[in-house]
Structure formats: structure tokens, C-alpha cells
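To start, the structure under review is shown below, and the notes come after it.
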Amino acid sequence: MNRGLFICLCGKDVLSKSIQIIHRRNIRQYMKCNTENKIKRFIAENTEIVKGQSLTPEISLRLFTVKCRFWTERPELWPFPDPFWAIYWPGGQAVSRYLLNNPGLSVGRKVLDLGCGCGASAIAAKLSGAAHVVANDIDPIAAVATKMNCELNGLEPLPCVTQNLIGSEPENWDLILLGDMFYDETLTDSLHKWLNKCVKLHRTQILIGDPGRAQFESHDIKTLLYEQAHFELPDSVREENYGLTNSTVWCYRPDY
């Protein structure tokens, strides 16, 4: 099956740097020329509402499916940055499931979903009783998609921040969530340094979801992680993610 853009995303075979630069320019122009309602319409026309077929069947999301145009369309025809928000990645699924299974982790707390994508982990935290949840993704289309997904799940749209927080002065978050963020060695290095600073300054609790990608398993950060939960992935998720069979939630605890 030719799954076009979906295959590029799942394989992390993202577009070339030059094309990414063009896409960043396109999205800036698109955001200037279109209202949020028009962007919502674009998302609605190019995704399908999915409930089930994941570790969190109680959460509904707008995602790419076989019924969507860009499941088979040529990836270069997608006019914006790679839509990682249109796939429910296995690391994010594990974090979301863990939060729903353990609402005490979220109740009354200030939570950041870093690299939120579709916003599922932010939604899970809010559904579990978090006092304040912020979804963060540098793709502004992901921010709009997250707000739409909140509404699908009976929530008021959560605050969405699109600036790159990695390397910034950390706020006093009680809990930071990361799913599927460790797919690139350089990014993993940057995350390691920033998360370490968050813990040292504010004693922030860090939860990481990852299905065992090589860049994650081989990195030094692994020595500072403690397994919290392990989930077997549904068959449909395994097929979409090149045979990955499970996903794990880790707690990041550096020495301080």
C-alpha cells in the first residue's frame, strides 16, 4: 500500500532541509492569510475522527486514515510542515494511557505537554483532573488541531504555545510530558540538558513515552530513566509503526 505522507512521517523520513524551509515560509504566509476557522476547515477536510484502535479508546482525535486524501497523495503536495499532529504516535499513546490509569499524577497540577502533536497527552492530563494544562508545539497547525481535539472530548480548548521552549528558562511546571520526542540525536541532547534544568530548578516530574527507537535506546539519557509502565500496542498501531510492538513510560530522574 502506498501511504504517501503517512509513510514519510512514520519512518521519520522527513522532507529535505530546503523543502522544510519552503514549508515554514508557506505556513507563515498561510497563517497570515487565513483565519483559524479556515484552518479548522482544512484540518476537518483532510483528517478523520478516530476513536478506538489505540491505547486510549476513550479519547477521540482527528488523524490521518486510509480514507484521507494524503494517505496516498504524494508527500511533496502537502503545503505545510510535516503534520506529525495527524498521527497518534505510540510513545504519546503510552503516556496518555498511563495518565488515565493514574489520575493522581495530574490532579491539581500544572502540566506541560511538550511537542504535543495531536494533543492527546494534554487532553488525558486535563481529563484526569489537572488544574492547568498547556500544550506546546512549534507547528501552529498542531495547535489548532489540538484545540479541535479538545472540543471532540468535551473540553474547552487548552492554551497552546507555539514557541520553542527547549532551551528556554523553565517555568515552574509540576509535570512535563513527552511522547516520541527522541527520534533525533541532536534533539535528544538538547532535551536532556533542558529537562535536567527543569528538574534542578523546580523539581519538575518528567514522564517520557517511547516505543524503543534506536536514537533513544542508545542515548546516555537512558541511564537516568526509571520504567513506570509498559504497554503492548494494538495490532493496528503495530502495523502503522513498522512492527513496533510495545511502548514504555519512563520517569526522568537525573542526579541533583
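The values are calculated or read from the model by the stated rules, or taken from the named source; none is laboratory data. On a predicted model such as this, the values are computed, not experimentally measured, just so you know. With ideal geometry, Cβ positions are generated from the backbone for all residues, glycine too; neighbour counts draw on all protein chains shown. Please note that ligands, DNA and RNA were not included when accessible areas were found on the heavy atoms of the full protein model with its side chains. Shrake-Rupley method; radii C 1.70, N 1.55, O 1.52, S 1.80 Å.
Solvent-accessible surface of region 25-128, taken per residue with a 1.4 Å probe and all protein chains present: 42 Å². Against the chain, whose longest principal axis is taken from its Cα atoms, helix 36-45 shows a tilt of about 80°. Among the trypsin sites (Lys or Arg not before Pro) within region 29-105, those in coil by DSSP and having at most 10 neighbouring Cβ atoms inside 10 Å are Lys67.
Short-range pairs are left out: with C-alpha atoms under 8 Å and at least six residues apart, the relative contact order of region 98-256 is 18 percent. Take every DSSP beta bridge with both residues inside region 39-168 and express the antiparallel ones as a percent of the total, to the nearest 5. Looking only at bridges with both residues in region 39-168, the antiparallel portion is about 35 percent. What is the helix-to-structure angle for 90-101, meaning the angle in degrees between its Cα long axis and the longest Cα principal axis of the chain, kept from 0 to 90 and rounded to the nearest 10? Tilt of helix 90-101: around 50 degrees.
Net length available on complete extension from Gln163 to Ala44 is 40.4 nm, with 0.36 nm assigned per residue and the Cα-Cα distance removed. Suppose we keep just the DSSP beta bridges with both residues in region 172-256; what percent of those would be antiparallel, to 5? Antiparallel: roughly 70 percent of the beta bridges in region 172-256.
The label point for Thr245 and the one for Glu185, both projected 7 Å from the Cα toward the Cβ, are 2.8 nm apart. Just the accessible area for Lys222, please: 1.4 Å probe, Å², rounded to the nearest 10? Accessible area of Lys222: about 50 Å². Full extension of the chain between Lys222 and Thr35 yields a length gain of 63.1 nm, computed as 0.36 nm times the residue separation minus the alpha carbon distance.
Seen against the Cα atoms of the chain and their longest principal axis, helix 17-33 is set at about 80 degrees.
Stretched out fully, how many nm does the piece from Val66 to Ala131 gain, at 0.36 nm a residue minus the Cα gap? Computed gain between Val66 and Ala131 is 19.7 nm. A dipole drawn for region 109-223 from +1 and -1 charges on Cβ atoms has a positive end, and of Gly115, Cys160, Ile176 the residue lying farthest that way is Ile176. When the Gaussian network model of the chain links Cα atoms closer than 10 Å, the mean-square fluctuations of Leu224, Leu127, Leu244 top out at Leu224. Note on Phe80 and Ala214: the model spin-label points, each 7 Å out from Cα along the C-beta direction, lie 3.2 nm apart.
For the chain, DSSP calls about 50 percent of its internal beta bridges antiparallel. Helix content alone sets the calculated 222 nm mean residue ellipticity of the chain: runs of n ≥ 4 DSSP H residues at -39500 (n - 2.57) each, divided across all residues, give -11000 deg cm²/dmol. Element breakdown for region 155-255 at a 1.4 angstrom probe: carbon and sulfur atoms account for 44% of the accessible area.
Remark: region 148-164, residue by residue, has Karplus-estimated 3J(HN,Hα) of 5, 5, 4, 4, 4, 9, x, 10, 5, x, 7, x, 10, 10, 10, 7, 6 Hz, where x stands for each Gly or Pro and the curve is 6.51 cos²θ - 1.76 cosθ + 1.60 at θ = phi - 60°.
Per-residue Karplus couplings for region 177-183, computed as 6.51 cos²θ - 1.76 cosθ + 1.60 with θ equal to phi - 60°, are listed in order as 10, 9, x, 6, 8, 9, 9 Hz, Gly and Pro entered as x.
Taking Cα centre as origin and charging only the Cβ of basic (Lys, Arg, +1) and acidic (Asp, Glu, -1) residues, the dipole magnitude of the chain rounds to 660 debye. Apolar share of the accessible surface for region 32-95: 50 percent from carbon plus sulfur atoms, 1.4 Å probe. When the alpha carbon coordinates of region 110-189 are projected onto the principal axes, the ranges are 37, 26, 19 Å, largest first.
To the nearest 10, the accessible area of Cys160 is 40 Å² with a 1.4 Å probe. Rounded to whole numbers, the Karplus 3J(HN,Hα) couplings from phi for region 213-224 are 5, 4, 5, 7, 5, 8, 8, 4, 4, 4, 6, 9 Hz, using 6.51 cos²θ - 1.76 cosθ + 1.60 with θ = phi - 60°, and x at Gly and Pro.
Considering all C-alpha pairs of the chain, those separated by over 25 Å amount to 40%. Between the C-alpha center of region 118-146 and that of region 168-197 there is a gap of 16 Å.
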